[in-house]
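A short worksheet on the structure shown next.
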Amino acid sequence: MHLLTEEEGKLALQAARAYMEAAVTHTEAKQFDFPEIFSENRGVFVTLTQAGELRGCIGFPYPTYPLSEAIREAAGASATQDPRFYPVREEELSAVRVEVTVLTLPEVLDCPAEDRPKHIEIGRHGLIASLGSRSGLLLPQVAEEYHWNAEEFLSQTCVKAGLYHKSWKEDDDCIIKTFEGQIFTE
């Protein structure tokens, strides 16, 4: 999987901001002339913050859509559909900061449960915990922001999935996947 260049990352941020603003103001976003890499299917998350606090975060963990389309959908949804927050209002737009995280394909962490923490690198890996129909994801930067170690990161990902916090080591059916993210921030 090819990484985005710094210039492509800046374009991803510009597009995410334009799509977020269009969703909030109910207008058409400007058209972008995307390089070829934006036509590749990629997982992506768009995170919005305001005064350093989370304001919205929506995305696609798997490469379901071309990157340009995934950014458009995630940016609009982060601003208007994150159920944890009221929709972003037009007067807030200038205070909202945008972050785009382009993901690698999630891979199952295939090792004994007690060894899982040894295979997680804080700041590099994001996690997906799933059990039955429940699933939760935390981006790589979250563990760094909260100063978690690998065990805390695993536990918090389980909690995000609505699972018991020790499911990652006590339930053999709990699947843990890791992925990496290329992070671009305004």
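Only the coordinates and a few stated rules stand behind these numbers; no lab work does. No experiment lies behind these values; they were computed from the predicted model shown. Using ideal geometry, Cβ is built from the backbone for each residue, glycine included, and neighbour counts are taken over all protein chains shown.
Quick rundown of the values:
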| read-out | value |
| --- | --- |
| Per-pair calculated FRET efficiency, R0 = 35 Å: Asp33 and Ile183 via Cβ, rounded to 0.05 | 0.90 |
| Point-to-point label distance, Glu144-Leu54, nm (Cα→Cβ direction, 7 Å offset) | 1.7 |
| Separation between Cα centres of the range 171-186 and the range 36-80, rounded to whole Å | 15 |
| Other-chain or far-sequence residues with amide H under 5 Å of Gly43's (modelled H) | Leu103 |
| Once the Cα gyration tensor of the range 101-169 is diagonalised, semi-axes √(5λ) in Å | 16, 14, 13 |
| Within the chain: Cβ-based charge dipole about Cα centre, in debye rounded to nearest 20 (Lys, Arg +1; Asp, Glu -1) | 340 |
| log₁₀ of I(q)/I(0) at q = 0.10, 0.14, 0.16 Å⁻¹ - the chain, Debye sum with one point per alpha carbon | -0.40, -0.77, -0.97 |
| Extreme residue, positive dipole direction of the chain, given options Ala161, Gln14, Val46 (C-beta unit charges) | Ala161 |
| Using a Förster distance of 35 Å, the FRET efficiency for Arg89-Ser133 (Cβ separation, nearest 0.05) | 0.55 |
| Added length on full extension, which subtracts the Cα-Cα distance from 0.36 nm per residue, Lys118 to His26 | 28.4 nm |
| Karplus (6.51, -1.76, 1.60) ³J(HN,Hα), θ = phi - 60°, over the range 142-148, in Hz, Gly and Pro reported as x | 5, 4, 5, 4, 9, 6, 8 |
| Rounded if a/c under 1.5, otherwise prolate or oblate - the range 6-103, Cα gyration tensor axes | prolate |
| Karplus-derived HN-Hα couplings along the range 14-27 (A = 6.51, B = -1.76, C = 1.60, θ = phi - 60°), whole Hz, x at Gly and Pro | 4, 5, 4, 4, 4, 5, 5, 4, 5, 5, 6, 8, 6, 10 |
| Residue-wise HN-Hα coupling along the range 109-116, computed from phi with Karplus coefficients 6.51, -1.76, 1.60 (Hz; x: Gly, Pro) | 7, 9, 7, x, 3, 5, 8, 3 |
| Cα-based reach from Lys30 at 15 Å (exclusive), listing aspartates and glutamates while leaving out same-chain residues under 8 positions away | Glu21, Glu69, Glu73 |
| Dipole magnitude of the range 6-103, debye to nearest 20 (Cβ charges: Lys/Arg +1, Asp/Glu -1, about Cα centre) | 260 |
| Listed residues Ala15, Ala113, Ala79, most fluctuating in the chain (Gaussian network, C-alpha, under 10 Å) | Ala113 |
